[in-house]
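Some notes on the structure that comes next.
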2 protein chains.
Amino acid sequence: MDKITARAENFAQWYQDIVQQAGLAEHSDVRGCMVIKPYGYAIWEKMQQQLDRMFKETGHENAYFPLFIPKSFLSREAAHVEGFAKECAVVTHYRLKNDPSGQGVVVDPEARLEEELIVRPTSETIIWNTYKSWIKSWRDLPLLINQWANVVRWEMRTRLFLRTAEFLWQEGHTAHATRDEAIEEAEKMLDVYARFAEEWMAMPVIRGFKTAHERFAGAEETYCIEALMQDGKALQAGTSHFLGQNFAKAFDVRFAAKDGSLQYVWATSWGVSTRLMGALVLTHSDDNGLVLPPRLAPLQVVLVPIYRSEEEQAATCARVQEIADTLNQAGIRAKADVRDTQKPGWKFSEYEMRGVPLRLAIGPRDLEQGTVEIARRDTREKWVQPLEKALEQIPAILESIQAQLLLSARQRLETNIRPADTWEDFVALLDTRGGFVAAHWDGTTETELRIKELSKATIRCIPLHNPSENGKCVLTGRPSKQRVLFARAY
Amino acid sequence: MDKITARAENFAQWYQDIVQQAGLAEHSDVRGCMVIKPYGYAIWEKMQQQLDRMFKETGHENAYFPLFIPKSFLSREAAHVEGFAKECAVVTHYRLKNDPSGQGVVVDPEARLEEELIVRPTSETIIWNTYKSWIKSWRDLPLLINQWANVVRWEMRTRLFLRTAEFLWQEGHTAHATRDEAIEEAEKMLDVYARFAEEWMAMPVIRGFKTAHERFAGAEETYCIEALMQDGKALQAGTSHFLGQNFAKAFDVRFAAKDGSLQYVWATSWGVSTRLMGALVLTHSDDNGLVLPPRLAPLQVVLVPIYRSEEEQAATCARVQEIADTLNQAGIRAKADVRDTQKPGWKFSEYEMRGVPLRLAIGPRDLEQGTVEIARRDTREKWVQPLEKALEQIPAILESIQAQLLLSARQRLETNIRPADTWEDFVALLDTRGGFVAAHWDGTTETELRIKELSKATIRCIPLHNPSENGKCVLTGRPSKQRVLFARAY
């Protein structure tokens, strides 16, 4: 196994080392596209399952819409096309043919599409084109639909999970009779995301909304959850958009209201993606590898037998297998690694690298004395205790790990939100401490862009329920009524 | 609700009516691509969950590989590119720009890809290109991976679920140290598919292998399961391929064997798709709508309250809701439809159309007498019985429906395999009875193609464990050692 670069030495390299060495993902030979490896995909599946459960509990159904979007659809909503046109994969032909020169295949020029198709960067347009025939009356509303899908945005600089040309995500697309109901939906789904981040990923987030400049292309309001990574950079972990009637108007989706009038439908859309995998790594892992919150760990407890003789091997392997079975029956994801092709030390490093929350080791002396050695991945504590007692306590230990990870991350988040009232303080905080800087801003996009240019910090969000406070913009000195959160971000 | 065309009148239209009116899927405005609607997707999710469970039980893990395949990858395996080149969606550009004439957007000619990318029609090439770096030693084998994904094959004539340009599927891709182990894997996964078809879809299948002409492009052997639809046409429901060392050679994937020698890896791939949704409809449904086997039904029991007065409404709604809760707690997927915007008669038709296996209706008299009216979707039987007894029996009734659907389909399959020894009989059977015709064939592709041209029947499969029998080819009279199964097919 290769060594992981220390965070203090090179944080970006540390991240890449973990993603690769823990078997989460790797770059493919297709520019910007990643391969999600089995262990990484197993974690993503756990995320999917829980999110899907939360979507269904809040009344949503899944459906599936086409991968391709006719070019003309994308153009219907002006801000939307402006936002996505520069990063589109475009299908222009539908056939290959043998190269006349006899070498391989070439695109058949006669198989040119009349209208180019865009590989979906997001599905508002194709979905609202479909909703046109689904929504006729107030009885058809609300329409609460989610889609699990792959999307493509042609990114020039990519990083595994954090920014890739193709990524996996879910996109909710809902339709409502009233403005208020749509806003309520957008806020409800933001809350679902925040609860998922905190309760499952053990990743505390700030709930807020984006400035006009940072809004989703086509939205009237973009809500977001923002998290803080270990290197002090912010990461946008999920967004929920109130789309107003923009897409309903672009695709002429109207419904007969109870009073008989014909009205445009109100919309939301919301999504999280495999980017959350990157956020998970950047929140909890350490210089020894991945650290996983137990609720998302594909494997929660690994058991390793320690032996010298064949007799000891038989006895310890039988015992760890028996314990693994007992744990599995109790609903804990446990595995006994009884391979004799690898030494215990190798296995210890391997499962440490993979972030398995608890490791149990059993040797001949443990068999005699009825004990077990337990090692916690998050704190790296180790202790020996009676096996029976250990088995009883494992569910509680897993819960404690989950809680402790959230607590640590929350402390880091809370101590890394600092006010700045002068431009010097603002820049100094960003340069020396990182984290979020709460500062006054004059509310103009011009200033927002100028601050970004000068400091590389963007406005991550205007927190929900943000307190009013009179102040002066940190850059221009113009009057401001509230602080907003700036940070350098992923 | 529109009426469904009767099967006897127009079978193809009947199919389309059911798919659309039961809310399974519809054509999108993107040529050849369908929208899978929430109810259809809910059934597909049930299929996915069970298949995924079976894959994991047989030791497979999920992963995810890129949507795009560089054109040159496709060309590496000669038979493979030959099989897929004519139906490829080709990405040639990665950016749009504003139309200089001021109208919408156009493809930016300066954003042309150096090498075109193909939207995956299947993933052998991109996966084997990745396996090259994953497989070094016998210790890395077997590699047992599955992917849930969308794929695109540019079909000119499409039918919802049965043949669409984009479809959803799973594709297993495994790597093995020996030929025997790979063949065993291909056969094991064929068995998984057959068990899934029979135990979950209640759809009996014939297990066999394809002729050389019908093999997957790049396979040495293609195993398949073939089912029989109600109109006497066959449907290929799943395939499992033994790929030999073809892809290992094309992508230079070799491993150090235990004896130290460097050997090419042996491969399989196997897949089923949303086509199974079409097969499900065509196997069980009737002139009143969809019929679903209980194991795949998103909703197994629907409860409808019958009332006139407000008082009756309150009482019957409370009772059906209470029963639905009881059933849900017992692990049965039940729902009380207490909407007062629709009449009971409308609800009855709606759930009949959607193939809900059991309907329970409760009116004021049932409240008084402690009874319930039960209606079975498959047999359309109705009876009244004491509620308590009914609740006790519902699990058994659902199992009986599942078993009865399989039995009926099996009887239809078995009575529709008929031998033919002369060309006249062969054609007459296809024209008058449909189904499978077991006939001798001289083993040449030439004869196979000629028979197809003359009769529109193809060789569906050579059944596994096919008995030897000396005979003469039904077309050419040349000697043959076994009968093979012909049919007209979807």
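Rule-based calculations on the coordinates, nothing more; no lab input. All of these numbers come straight from a predicted model, not from anything done at the bench. For neighbour counting, all protein chains shown are included, and Cβ atoms are generated from backbone atoms with ideal geometry for every residue, glycine included.
Quick notes on this one:
- Positive-end residue, segment A:41-179 charge dipole about Cα centroid, Cβ charges, pick of A:V151, A:M54, A:L74: A:M54
- Segment A:235-338, Rg to Rh (Cα coordinates; Rh as Kirkwood inverse mean 1/r): 1.38
- For B:D252, net neighbour charge (Lys/Arg +1, Asp/Glu -1) across residues whose Cβ lies under 10 Å away: +4
- Restricting the trypsin sites (Lys or Arg not before Pro) of segment B:387-490 to loop positions (DSSP other than H, G, I, E, B) with no more than 14 neighbouring Cβ atoms within 10 Å leaves B:R433, B:K456, B:K481.
- Simple label model, 7 Å out from Cα along Cβ direction - A:D252 to B:K452, nm: 4.4 nm
- The trypsin sites (Lys or Arg not before Pro) of segment A:1-62 that meet both conditions, a loop assignment by DSSP and at most 10 other Cβ atoms within 10 Å of the site Cβ, are A:K3.
- Distances in nm from A:L454 to the matching label points in the other copies, shortest first (labels 7 Å along Cα to Cβ): 8.8
- Cα gyration tensor, segment A:92-203 - rounded (a/c under 1.5), prolate or oblate: oblate
- Charge context of A:N470, other residues only, Cβ under 14 angstrom, K/R +1, D/E -1: +1
- Residue order, fewest to most surrounding Cβ atoms within 10 angstrom, among B:H173, B:H27, B:H93, A:H465: A:H465, B:H27, B:H93, B:H173
- Here segment A:327-373 is assigned +1 on the Cβ of each Lys and Arg and -1 on the Cβ of each Asp and Glu. Its dipole about the Cα centre then comes out at about 200 debye.
- Sites matching trypsin sites (Lys or Arg not before Pro) across segment B:198-265 that sit in DSSP coil, with at most 13 neighbouring C-beta atoms within 10 Å: B:K258
- Cα-Cα pairs of the protein assembly as shown separated by more than 57 Å (percent): 16 percent
- The Cα atoms of chain A cover 80, 68, 56 Å along the three principal axes, with the biggest extent listed first.
- Placing a pseudo-label 7 Å from each Cα along the Cα-to-Cβ vector at A:W346 and A:E399 gives an inter-label distance of 3.8 nm.
- Net charge of the neighbourhood of B:K343, taken over other residues with C-beta under 12 Å away and scored Lys/Arg +1, Asp/Glu -1, is 0.
- In this calculation the C-beta distance from B:M156 to A:E115 is compared with R0 = 25 Å, giving a FRET efficiency of 0.90.
- Two-site FRET efficiency, A:Q482 against A:Q321, from Cβ-Cβ distance with R₀ of 60 Å, rounded to 0.05: 0.50
- Helical contribution to [θ] at 222 nm, DSSP H n ≥ 4, -39,500 (n - 2.57), averaged over chain B, rounded to 500: -11000 deg cm²/dmol
- FRET efficiency for B:D99 and A:K472, using Cβ-Cβ distance with R0 set to 41 Å, rounded to 0.05: 0.40
- Taken along the Cα-to-beta-carbon direction at a fixed 7 Å, the label points for A:D231 and A:S72 span 4.6 nm.
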